[in-house]
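Report on the following structure.
The values are calculated or read from the model by the stated rules, or taken from the named source; none is laboratory data. The structure presented is a predicted model; accordingly, all values stated were derived computationally and were not measured. As a convention, Cβ positions derive from the backbone with ideal geometry for all residues, glycine included, and neighbour counts pool all protein chains shown.
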Amino acid sequence: MGWKPRSTLFPWLSVSKMPGVTVKDVNQQEFVRALAAFLKKSGKLKVPDWVDLVKLGKHKELAPSDENWFYIRAASTVRHLYLRGGAGVGSMTKIYGSRKRNGVCPAHYSVGSKNVARKVLQALELLKMIEKDPNGGRRLTSQGTRDLDRIAGQVAAANKKSV
């Protein structure tokens with residue numbers, strides 16, 4: 001009586017008792033904030049010295065207003081790699097690019113900062129969350145996937161308590 005059959009056609013397949021929560025199942029904004037807090041609390045992410053002096057692309061007019069922007073960018077990058085592995089520096093610049101306002105001239109698309117994308121990926125490699133993909137770009141390690149799913153489970157549990 002401890003297990004329920006998944007179907008009558010294949011009764012030996014049982015329904016697992018613990019529903020698995022992945023990154024795809026939770027709100028992306030809440031997940032990125034929770035992962036950024038985890039990265040900051042762990043203290044292992046190597047933050048460059050120039051983080052308070054830099055813009056995130058030539059299309060930006062101002063530097064980021066949040067002082068923890070490097071942790072948030074790292075969390076967002078890891079989430080993107082979870083969803084689509086094999087992404088490198090060039091694809092991260094396209095993801096974080098935006099419209100450049102040219103005054104009275106027409107606006108055009110502009111890519112994000114390559115240096116920021118490269119430093120974020122290098123910092124995440126030092127944490128062993130991502131690794132270089134033999135086909136090009138970077139991909140998540142098994143430890144990185146496990147950490148992200150665990151944090152997604154915590155976010156889902158927090159949402160379940162608040163509802």
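Brief remarks follow.
- For LEU35: the one exception among (1) in contact with a strand residue (DSSP E or B) (Cβ under 9 Å, 6 or more places away or on another chain); (2) touching a residue at least 60 places away in the same chain (Cβ under 8 Å): (1)
- Check on ARG99, more than 13 Å from the chain's Cα centre (by Cα), in contact (Cβ under 8 Å) with a residue 12 or more places away in the chain and surrounded by fewer than 16 Cβ atoms within 10 Å (Cβ to Cβ): yes
- If only residues of segment 23-42 that are exposed (fewer than 14 other Cβ atoms within 10 Å of the Cβ) and either charged (D, E, K, R) or modelled with pLDDT under 90 (or both) are counted, the one that is farthest from HIS80 (Cα to Cα) is LYS41.
- Among the residues here, LEU62 does not qualify as in contact with a strand residue (DSSP E or B) (Cβ under 6 Å, 6 or more places away or on another chain) and either more than 26 Å from GLY20 (Cα to Cα) or in a helix (DSSP H, G or I) (or both).
- Conditions (1) buried (at least 19 other Cβ atoms within 10 Å of the Cβ); (2) closer than 17 Å to ARG33 by Cα; (3) under 13 Å from the mean Cα position of the chain (by Cα); number of the one not met by VAL155: (3)
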